[in-house]
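**Q** Can you keep this structure in mind? I'll have questions shortly.
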Amino acid sequence: MPTNYIGIGLFILVGMGFTGATFAAAALIRPSNPNPIKLEPYECGVPGVGDARDRFHIRYYVLAMLYLVFDLEVVFLYPWAVQYDKLGLFGLMEMLVFVAILLIGYFYAWKKGALDWV
Amino acid sequence: MAYMTWFERRVIGRLQVRLGPNRVGIGGLLQPLADALKLFFKEDVRPARADRILFPLAPAISLFAALAAFAVIPFGPTTRIAGVEVPGGIANLQVGLLYLVGISSLGVYGLVLGGWSSGSKYSLIGGLRAAAQVVSYELILGLALVSVALVAGTLSLEGVVGGQANGLPYVILQPVAFLLYLVAAVAETNRAPFDLPEADTELVAGYHTEYGGMRFAMFFIAEYVNVITVSALAATMFFAGWSGPFLPGPHWLFIKMLAFLFLFVWLRATLPRLRYDQLMRLSWSVLLPLALINLLATAVVVAVTR
Amino acid sequence: MNAPTAVFIVLAAVAVVSSLNVILRRNPVHSAIFLALTILCLAGEFVLLNAEFIAATEVIVYAGAIIVLFLFTMMLLDIRGGMRTRQFQNQFGLAAPIAVLLVALLGAAVGAINISGLPAAALSTLQAAQLGSVQNLGQELYSNFLLPFELASLVLTVGLIGAIGLAGHGAEDREEQVRIEEALEFDTKVRAKEGGHLEPEEELVPAGGHHA
């Protein structure tokens, strides 16, 4: 096991512990007097209309897909960037092909208006 | 960390020709403590329509992700104490940069779950907007950092600092990447002028509309911890981190970080908020192509010069 | 029992329990969160195997991008309605043989691995760390595995174009028209109601549910 991660593991445990302890402490000392009106969602003082868990615009789905595609591209770029010195011009060419193929999808999205948010 | 709020309120106060909090303690130094205490004693309302499990979990995820990200920032060089290598931070990972990117992508959960679980329309819209914004700018952040990794040839943050300590800081070699990083970092942390998720003129308070007391404080602290982390990362990646003359490592990192923190506050005091479609267009139609061109140019230059 | 084994057991136990929760939870958002927890545990296991880059990728791609995609997709669905129907029981007849087949396939795959032939046992920690390093991975990926790498971009592009096709941006103009008409209708309805008070159960929300 890489020893570097012992520090990270401990740090993560401490982070969890701090978050949990703060919650526990707050839960112990705070008052709790709920009533139905108080538990209504906030609505600027007028009675609320409809349910919040409504369906959403599909552009968020397209955005998530775009994000997924380009996030994968970035992940592929990291080992490439580190090894670039050794890969040389050939490495540049293959990454150009890779990005060019992804850009087809990107320009298609642009042309279809998936990037417009008005 | 808590003093970030004091720092921000004092600086904005000065920028707006007023004093800011100065009553509690000397120069208002005890104000954050008083705020925290107050929030501890606040009633924590859980709305009737909220999800029972996810509603309290969301702020915890936010805070946890923010804290965990800080673990790989190096404060100083690796030293040998009694034959054991002691890293100049909490941990020096071979893939430190990837660790940071990964943990920061977990922070999105806090926003989107906080918005969804509240059962309020403002929260949901705020949460979705926040998530869409954060993921869009995360790409820009990633591409800017890849350009630096290309120059540095390593993903270890200590390696990146080492590369700059013996040569030029990467802000000179990668000015475009630095600007891209700066814009993306402000957007990532949902700070003004990119604070649309909590645009109070239209969304009340965005994803944390329904939160109060300590749970609200968690979101709040998480935001400030994120600001500190991206400032520290900016100092590390572009301004040689802990390395500098005369002073020991942590001091230099702290000074550089403070400069970025001041910049964050300054931006908030100066710039008006963007409109949502402008925000998304900026990221997808301007910054993303720019980041790719910058990466390509860097790759060509590196290939020619080495 | 040494420390790595202990960590392995804890992570594996959490992964198994949370992956069971992924399929047993009725609320799909809860399922997604348990899936994220499972993936984080798997990333921890990869770290134990000295595969740091794979671990980081697991977190960035799966826990980051894919779960966000799932969450966004779920918010497009009518979750309340989905939770009410007990749809899973209806598909039992189809699901059971598929599950048996899947288990058989996995068993065959695991059985086919020649464990004694693996070099892992002979590697020192240092060698293992080098094997899983980003440099080594980059070298392999961009020379010996060039074709799969380029094909990956093609797959991604197809996925993206498919998503845009699903979203149907060609029909946007017509949709916009319908939305405007609905809004106008809603407006007249509200105006007609003015003076009298609104009953809470009355649905005065324009259909379609286009927020944001």
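Read-outs throughout are calculated quantities, based only on the coordinates presented, and are distinct from any laboratory measurement. In this text, all values refer to a predicted model and were calculated from it rather than measured experimentally. A quick note on method: Cβ atoms are made from the backbone with ideal geometry, for glycine too, and the neighbour counts reach across all protein chains shown.
**Q** Give the Rg (one decimal place) followed by the Dmax (whole number) of the stretch B:135-197, computed from C-alpha coordinates and expressed in Å.
**A** Final numbers for Rg and Dmax: 12.9, 42 Å.
**Q** Kirkwood hydrodynamic radius for the stretch C:1-59: how many Å is it when counted over pairs of different Cα atoms?
**A** 11.8
**Q** Also: Provide the per-residue ³J(HN,Hα) series for the stretch B:263-277, in order, calculated from phi with Karplus coefficients 6.51, -1.76, 1.60 and θ = phi - 60°, each as a whole number of Hz, with x at glycine and proline positions.
**A** 4, 4, 5, 4, 4, 5, 6, 9, 9, x, 6, 7, 7, 5, 5
**Q** How much FRET efficiency would the formula 1/(1 + (r/R0)^6) give for B:ALA269 and B:VAL300, where r is the Cβ-Cβ distance and R0 is 30 Å, rounded to 0.05?
**A** 0.15
**Q** A further question on this structure: May I ask for the net charge around C:ILE66, where only other residues with Cβ less than 11 Å from the Cβ of C:ILE66 are counted and Lys, Arg are +1 while Asp, Glu are -1?
**A** -2
**Q** Lys and Arg at +1, Asp and Glu at -1: add these up for the other residues within a Cβ distance under 13 Å of C:THR157 and post the number.
**A** Numbers: positive: none; negative: A:GLU73, C:GLU150.
With Lys, Arg at +1 and Asp, Glu at -1, the net is -2.
**Q** Grab the Cα-Cα distance for B:ALA259 and B:SER285, subtract it from 0.36 nm times how many residues apart they are, and report the gain in nm with one decimal.
**A** Here the segment from B:ALA259 to B:SER285 would lengthen by 6.4 nm.
**Q** For labels at B:LEU179 and A:MET93 in the simple 7 Å Cα→Cβ model, what's the distance in nm?
**A** The two pseudo-label positions are separated by 3.3 nm.
**Q** Quick one: net charge around C:GLN135, please, counting Lys, Arg +1 and Asp, Glu -1 for every other residue with C-beta under 14 Å from its C-beta.
**A** That works out to -2.
**Q** Rank the residues B:TRP252, A:TRP110 as a footprinting-exposure proxy: fewest other Cβ atoms within 10 Å of their Cβ go first.
**A** So the ranking, lowest neighbour count to highest, is A:TRP110, B:TRP252.
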